[in-house]
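**Q** Quick one: the structure is below, questions incoming.
What follows draws every value from the coordinates through simple rules; no lab data is involved. Since we're looking at a predicted model, the values are computed, not measured. Virtual Cβ from ideal backbone geometry, glycine too; neighbours counted across all protein chains shown.
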Amino acid sequence: MADQERFARAVQSIARGLAKVGRERARVGDVTPQQAETLQIISERGAVSTSSLATLLGIDPSTASRNLSGLERGGYVVRKKGSDDGRQTDVRLTPRGKRIADSMSSETSQAYTQLLERVSKAERGRIIEAFEQVARLLDPPV
C-alpha cells in the first residue's frame, strides 16, 4: 500500500474517532456538536468575529451566524459590535458558556489522555510531534 493511501486511511479513521469524541463532548451541555466546537474555539481565542469563526469552523458565514443565534438564545454567547470596526461583530462567551466550554474541554482532555495512555511511553513523543505537525497544517490562520 502506498504512503498516500496509508495516510488517507489513517486520517479518515482519526477524523471519525475525533468526531465521535466531539459528539460525546456536546452531550455535556445542551448544544449540538458544531455548537460545542464553536464554544471551544471562542474559549481558546477569546473574542472572535463571526467571519473568523466561520473560517475556523470551515463553514459559510451565514451558517456560523445561525449557529451563534442558537448559542445566544441559550445564554452561552453574546455578540457585540467590534471596537475596531463597527461592521464587525465580536462574539464572547457568557459565564454560562465558559462553564460549558470548560466542562467540555475537561471531558475531551480526559478522553484524549485515556487514548494516549494506550500508547507506549517510547512512542508518545513521536506521535505527539506528528499530531502537532498535522494540526499546524490543518489549523487555518485568521
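**Q** Any chance you could list the semi-axes, whole Å, largest first, of the equivalent ellipsoid that the Cα gyration tensor gives for segment 58-142, using √(5λ)?
**A** Working: eigenvalues 229, 66, 23 Å².
Each semi-axis is the square root of five times an eigenvalue, giving 34, 18, 11 Å.
**Q** Out of the trypsin sites (Lys or Arg not before Pro) in segment 11-79, which ones are loop residues according to DSSP with at most 12 other C-beta atoms within 10 Å? Write down the numbers at each step before the final one.
**A** On the way: sites: R16, K20, R23, R25, R27, R45, R66, R73, R79; in loops: R27.
When the trypsin sites (Lys or Arg not before Pro) of segment 11-79 are filtered for loop state and at most 12 Cβ neighbours within 10 Å, R27 remain.
**Q** Okay, moving on. Would you mind ranking D60, D90 so that the residue whose beta carbon has the fewest other beta carbons within 10 Å leads the list? Walk me through the intermediate numbers first.
**A** Details: D60 10, D90 20.
The fewest-first ordering by Cβ neighbours comes to D60, D90.
**Q** Ok, one more. Need the C-alpha centroid separation for segment 56-79 versus segment 94-142, integer Å.
**A** Value for the Cα centre distance between the two parts: 23 Å.
**Q** Here's a follow-up. Can you show me the helix-derived [θ] at 222 nm for the chain, built from DSSP H runs with n ≥ 4 at -39,500 (n - 2.57) apiece and divided by the number of residues, rounded to the nearest 500. Walk me through the numbers before you get to the answer.
**A** Values: 6 runs with 99 residues, N = 142.
Dividing the helical sum by the residues of the chain leaves -23000 deg cm²/dmol.
**Q** Could you tell me how many degrees, from 0 to 90 and to the nearest 10, lie between the Cα long axis of helix 95-117 and the main elongation axis, the longest principal axis, of the Cα atoms of the chain?
**A** 0 degrees
**Q** What list do you get for L39, L115 if you sort them by fewest beta carbons within 10 Å?
**A** Ordered by Cβ neighbours within 10 Å, fewest first: L115, L39.
**Q** Assuming a ≥ b ≥ c are the square roots of the Cα gyration tensor eigenvalues, decide whether segment 2-62 counts as rounded (a/c under 1.5), prolate (otherwise, with a/b larger than b/c) or oblate. Provide the component values of the computation, followed by the final result.
**A** On the way: a/c = 2.81, a/b = 1.58, b/c = 1.78.
Oblate shape, in that a/c is at least 1.5 and b/c is the bigger or equal ratio.
**Q** I've got another one for you. Evaluate the charge dipole of the chain about its Cα centre and quote only its size in Debye, nearest 20, assuming +1 on the Cβ of each Lys and Arg and -1 on the Cβ of each Asp and Glu. Intermediate values should be presented prior to the final figure.
**A** Working: 23 positive and 18 negative charges, 77 e Å.
Its charge dipole is roughly 360 debye.
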